[in-house]
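Read-outs throughout are calculated quantities, based only on the coordinates presented, and are distinct from any laboratory measurement. This is a predicted model, so every value here is computed, not measured. Methodologically, a virtual Cβ is constructed for each residue, glycine included, from the backbone with ideal geometry; neighbour enumeration extends over all protein chains shown.
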């Protein structure tokens, strides 16, 4: 009897730790990655956001969002990436992703979808940056004609998303920028710039006479905004005596039938604009020289364009898959870099989903999404050569680039 | 009365011409993506040896459609006839399409893919077809 009891106790003691171990402590592995650059790339094969970390150039994550991404943009403090759907489905959604940057550790973690919200025909970002109202992220809903301001410093998955709404003049396609105290909203179809008082939401005025308003930029030094219209661009002041006034009209250099679509910041106060569709011409205006006037730069039929952060280079990707580097001030051709096979056929991007390649750059390195080849080209602009290709499959389109040094500078 | 109709007609023509040349309208319009080419690319992507009855039905609709071009009809016909590869006669017709279209056009690309088809689609051609479907 005594032996049996002892045997049972021994058996129990030897068995028990297995259960304890099952709920015991485990080693927690750090997911921090010490990357210099993180690219977020919209893959419109299936609507995922592909994350590539550099210098390794590895695809580190794929975050699933709703298909048909039209816009990919980071918010002002680079904590979030907004992925907005195009209109080729009957449900308009905006997903808000974390960028994964850990401000304390100064390294990147895994990005993830924080929440997805319904937004009626979302828009508003410019140059891959979210629109803001008083420092808060804002989405312009083109169907409901509203500016929806997300009044939360931190967005999480379970708290109520506090919003403030500004009513706009009419449903339209908008081009938006925030001024000192007013909000300036260009309306494409209605052809005017609506000016709202940021504090009250009341309409201050409408600056009319800009049919088919499409594309805008800002001259930071003067605070003036430039909106492109069908036959010319209008310059609108935002500061002091200029505020909410039509300052000038700049006619296009010749009757090409094409207005400015988007602007690229060159060196100094030079602005370049490319036209709708693939035509071999860029317009140039020096905003330090009044009266303002356009000149033109002949370029190869291009499928995408951008300028470097410092405005030093104007980058023009041709349909033949060649990246042309022009001087950001005078437009002189500096070099040509073959980056891909030609883009076959017509590449008309409508509002259904993004299909065009994109170009981003940082510190002399450019990243181009080669939609037709399912990969990203990493290009050394100074050396004029492709460093490598990163295969991601699918159809990569929009790119948002986050550089660690920029994130750290901004947080200090 | 006749004068009014004339003015109305000219007015409508003016609106049409202005709309056509208004690039910004293009940018935000549904470009009526090339549905016929996409339909044929869709068939070719999964084609193994010869088209199925369902695929032939799709291709027949291209032949029957009034909006199909002659070049598109030649391509559709050639796909219908595929038996492990295109027929000699169809290859000749496809060559005419290739010679008469811009090398970077989707019609040209599709014609080349159909002409060189052999039992299945190569990885490179599959990517080209997927891209045609993707961008429309």
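Conditions tested, residue by residue: (1) part of a strand (DSSP E or B); (2) out of contact with any strand residue (DSSP E or B) (no Cβ under 6 Å at 6 or more places or on another chain); (3) surrounded by fewer than 17 Cβ atoms within 10 Å (Cβ to Cβ).
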residue: A:361; (1), (2), (3): yes, yes, no
residue: A:372; (1), (2), (3): no, yes, no
residue: A:377; (1), (2), (3): yes, no, no
residue: A:399; (1), (2), (3): yes, no, no
residue: A:406; (1), (2), (3): no, yes, yes
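Can you go through B:83, B:115, B:60, B:71 and tell me which one is touching a strand residue (DSSP E or B) at 6+ places or on another chain (Cβ under 7 Å) and either within 26 Å of residue A:342 (Cα to Cα) or more than 14 Å from chain A (Cβ to nearest Cβ) (or both)? Full working, then the answer.
Values: B:115 fails: touching a strand residue (DSSP E or B) at 6+ places or on another chain (Cβ under 7 Å); B:60 fails: touching a strand residue (DSSP E or B) at 6+ places or on another chain (Cβ under 7 Å); B:71 fails: touching a strand residue (DSSP E or B) at 6+ places or on another chain (Cβ under 7 Å).
Within the list B:83, B:115, B:60, B:71, the selection yields B:83.
Within the range A:250-268, is there a residue that is without any contact (Cβ under 8 Å) to a residue 24 or more places away in the chain, more than 21 Å from the chain's Cα centre (by Cα), within 14 Å of another protein chain (Cβ to nearest Cβ) and farther than 22 Å from residue A:316 by Cβ? Steps first, please.
Quick first cut of the range A:250-268, residues without any contact (Cβ under 8 Å) to a residue 24 or more places away in the chain only: A:255, A:257-258.
Of the ones still in play, those that are also more than 21 Å from the chain's Cα centre (by Cα) are A:255, A:257-258.
Subset that is within 14 Å of another protein chain (Cβ to nearest Cβ): A:255, A:257-258.
Within this subset, residues satisfying the condition of being farther than 22 Å from residue A:316 by Cβ are A:255.
Looking for residues that are without any contact (Cβ under 8 Å) to a residue 24 or more places away in the chain, more than 21 Å from the chain's Cα centre (by Cα), within 14 Å of another protein chain (Cβ to nearest Cβ) and farther than 22 Å from residue A:316 by Cβ, one finds at least one in the range A:250-268, hence yes.
Return the total of residues in the range B:85-104 being out of contact with any helix residue (DSSP H, G or I) (no Cβ under 9 Å at 6 or more places or on another chain) and in a loop (DSSP other than H, G, I, E, B).
Summing the residues that are out of contact with any helix residue (DSSP H, G or I) (no Cβ under 9 Å at 6 or more places or on another chain) and in a loop (DSSP other than H, G, I, E, B) in the range B:85-104 gives 1.
Among the strands (runs of 3 or more DSSP E) lying completely within the range A:176-260, list those that include at least 1 residues that are within 19 Å of residue A:139 (Cα to Cα).
Hits in the range A:176-260: A:182-187, A:192-197, A:203-207, A:216-219.
Which number in (1) within 14 Å of chain B (Cβ to nearest Cβ); (2) out of contact with any helix residue (DSSP H, G or I) (no Cβ under 8 Å at 6 or more places or on another chain) marks the one condition that residue A:314 misses?
With (1) within 14 Å of chain B (Cβ to nearest Cβ); (2) out of contact with any helix residue (DSSP H, G or I) (no Cβ under 8 Å at 6 or more places or on another chain) applied to residue A:314, the lone miss is (1).
Within the group A:89, A:119, which residue is farther than 21 Å from residue A:401 by Cβ, without any contact (Cβ under 8 Å) to a residue 40 or more places away in the chain and in contact with a strand residue (DSSP E or B) (Cβ under 8 Å, 6 or more places away or on another chain)?
Working: A:89 fails: in contact with a strand residue (DSSP E or B) (Cβ under 8 Å, 6 or more places away or on another chain).
Of A:89, A:119, the one residue that is farther than 21 Å from residue A:401 by Cβ, without any contact (Cβ under 8 Å) to a residue 40 or more places away in the chain and in contact with a strand residue (DSSP E or B) (Cβ under 8 Å, 6 or more places away or on another chain) is A:119.
Show me the strands (runs of 3 or more DSSP E) entirely contained within the range A:292-357 in which 3 or more residues are over 17 Å from the mean Cα position of the chain (by Cα). Give the derivation first.
Values: elements: A:294-298, A:302-307, A:313-318, A:322-327, A:333-338.
Output list reads A:294-298, A:313-318, A:322-327, A:333-338.
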